[in-house]
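Supplied in structure tokens, the structure appears directly below.
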Amino acid sequence: MKQKSLTDFMNGVIRDLCEQGRFATAHVYKYALRSFTEFVGGGIIYFGAVSKRSLHRFQARMEERQLSYNTISTYLRSLRAVYNCAVDAGVIKGEFRLFAGLKTGVASERKLAVTALQMQKLLKHPLSAGALEASAVRPSDASGSDHFLARMQKARDCFSLMLFLQGMPYVDLTHLRKCDLNGDLLTCRRRKTGTELCIRVTPEAMALIERYGNHDEHSPYLLNLLDTNPDGEEDFHQYRSKLRGLNYYLSFLPSLCGLQGLRISSYTARHTWATLAKYCQVPEEIISEGLGHSSLEVTRSYLKSFEGDELAKANRIIINYIFSGDKTLWNKQ
């Protein structure tokens, strides 16, 4: 009797994900399959070779390679998801608790948020030739320091805009559509979860939206952050490339702002918005709503109760706290 192949089944799942437009998940599954295939020595992997022993050895090999906890967990959760999918489809019978005892959780491996004072410096410190000279940063751009500083400014503006828009992730920022903005009200859906977001755009955010507005009448995008308007997998790869570029320049920002040793990425804006909101005693349900973490049904119930004013109030408290040190708490407004 011919054995069933994990390799073929997982590649089929990856193709289905691509057809559904879920390229980020497909991307992770590809790397998980590639890593597991390299571990077993290449070739086709049959379901019979997927055992508790082989999975624990796979985890140990990744630990020896000093992969992060979250990378190990991501690969193991990807294999578990595909394995369970094969069980549900009747392809295999499955083994009970096959992935028990493995690293399948999520760890916060380093501090992602920064303080209000640090954020103020990151957003307001002059990005000048003098600041560049005083720092340890030496641009590798062949076109010189002016070009480097211009790219740094754009990266910081994107970072600022994500913070001003309630910690919006970069993927959602780049894919905002012109029709999402009506006056100062921005209504969109998160690409990851489909959750609806309703944001009252502050003057600080509106100035940046106007600065980076997309004036191509053939493009649906609100901002001029993606070079073209591709569809499908091409769009995903272009976004990934832009995100890598953004994080590359953001990695230099702390040093240019006199914050040596601080590490930030595009996701720092999101974590900082949430952390400072909680520090200002904004209710957790409103923070959840502002980040788009709730289900659509819960989101609608919050919007019906708060009518958008409470979210605008929370956003204003956080921005005031960063730029003026005004720690006006939620319950004192």
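The values are calculated or read from the model by the stated rules, or taken from the named source; none is laboratory data. What you see is a predicted model, and the numbers here were worked out from it, not measured in a lab. A quick note on method: Cβ atoms are made from the backbone with ideal geometry, for glycine too, and the neighbour counts reach across all protein chains shown. For accessibility, only protein heavy atoms count, side chains too; no ligands or nucleic acids. Shrake-Rupley method; radii C 1.70, N 1.55, O 1.52, S 1.80 Å.
Measure nothing fancy, just the Cα-based angle from helix 309-324's long axis to the longest principal axis of the chain, in degrees from 0 to 90, nearest 10.
70 degrees
Kindly express, to the nearest 10 degrees and within the range 0 to 90, the angle between helix 268-279's C-alpha long axis and the longest C-alpha principal axis of the chain.
On a 0 to 90 degree scale, this one is about 70.
With the contact rule set at Cα under 8 Å and sequence spacing of 6 or more, what percent relative contact order holds for the chain?
On the way: 375 pairs, mean separation 60.2, N = 333.
In percent, rounded to a whole number, it is 18.
With each run of n ≥ 4 DSSP H residues scored as -39500 (n - 2.57), what mean residue ellipticity at 222 nm is computed for the chain after dividing by its residue count and rounding to the nearest 500 deg cm²/dmol? Could you put the intermediate results ahead of the total?
Working: 15 runs with 184 residues, N = 333.
Value at 222 nm, helices only: -17500 deg cm²/dmol.
Using a Förster distance of 30 Å, how high is the FRET efficiency between TYR267 and LEU329, based on the Cβ-Cβ distance and rounded to 0.05?
Numbers: r = 26 Å, r/R0 = 0.86.
Using R0 = 30 Å, I get an efficiency of 0.70.
In whole percent, and with a 1.4 Å probe on the protein chains, what portion of the accessible area of the chain is carbon and sulfur? Walk me through the intermediate numbers first.
Working: 8510 of 17380 Å².
Carbon and sulfur together cover 49 percent of it.
Now, a different point. Tell me which GluC sites (Glu not before Pro) from the stretch 187-217 have a DSSP coil assignment and no more than 14 other beta carbons within 10 Å of their own. Please list the in-between numbers first.
Working: sites: GLU196, GLU204, GLU210, GLU217; in loops: GLU217.
Those satisfying the criteria are GLU217.
From the protein chains alone at 1.4 Å, what is the descending order of accessible area for CYS280, CYS179, CYS198, largest first? Walk me through the numbers on the way to the answer.
Values: CYS280 0, CYS179 100, CYS198 30 Å².
Sorted by accessible area, descending: CYS179, CYS198, CYS280.
Let me ask something additional. Starting from 0.36 nm per residue, how many nanometres of slack lie between ARG15 and LYS178 once their C-alpha separation is accounted for?
Working: separation 163, 0.36 × 163 = 58.68 nm, distance 3.11 nm.
Going from the current span to full extension adds 55.6 nm.
To the nearest 0.05, what FRET efficiency results for ARG316 and HIS56 with a Förster distance of 41 Å applied to their C-beta separation?
Numbers: r = 51 Å, r/R0 = 1.24.
Rounded to the nearest 0.05, the efficiency is 0.20.
Return the single residue from LEU256, LEU222, LEU79 with maximal mean-square fluctuation; model: Gaussian network over the chain, springs between Cα atoms under 10 Å.
Evaluated over the chain, the most mobile residue of the options is LEU79.
Accessible area per residue of the chain at 1.4 Å probe, in Å²? Let's see the in-between values first.
Working: 17380 Å² over 333 residues.
Accessible area per residue, the chain: 52 Å².
What shape does the stretch 143-239 take by its C-alpha gyration tensor, where a ≥ b ≥ c are the square roots of the eigenvalues and a/c under 1.5 counts as rounded, a/b above b/c as prolate, and the rest as oblate?
Numbers: a/c = 1.63, a/b = 1.20, b/c = 1.35.
Oblate, since a/c reaches 1.5 and b/c is not below a/b.
Of LYS242/LYS327; LYS103/LYS278; LYS278/LYS313; LYS52/LYS103; LYS52/LYS93, which pairs sit farther than 24 Å apart, going by alpha carbon to alpha carbon? Working shown, then result.
Numbers: LYS242/LYS327 35 Å; LYS103/LYS278 30 Å; LYS278/LYS313 13 Å; LYS52/LYS103 13 Å; LYS52/LYS93 15 Å.
Violating the 24 Å Cα-Cα cut-off are LYS242/LYS327; LYS103/LYS278.
Mark the label point 7 Å from the Cα of SER68 along Cα→Cβ and return the residues of the stretch 256-278 whose backbone N is within less than 15 Å of it.
Under 15 Å, as judged by backbone N against the label point of SER68, lie 263-271 of the stretch 256-278.
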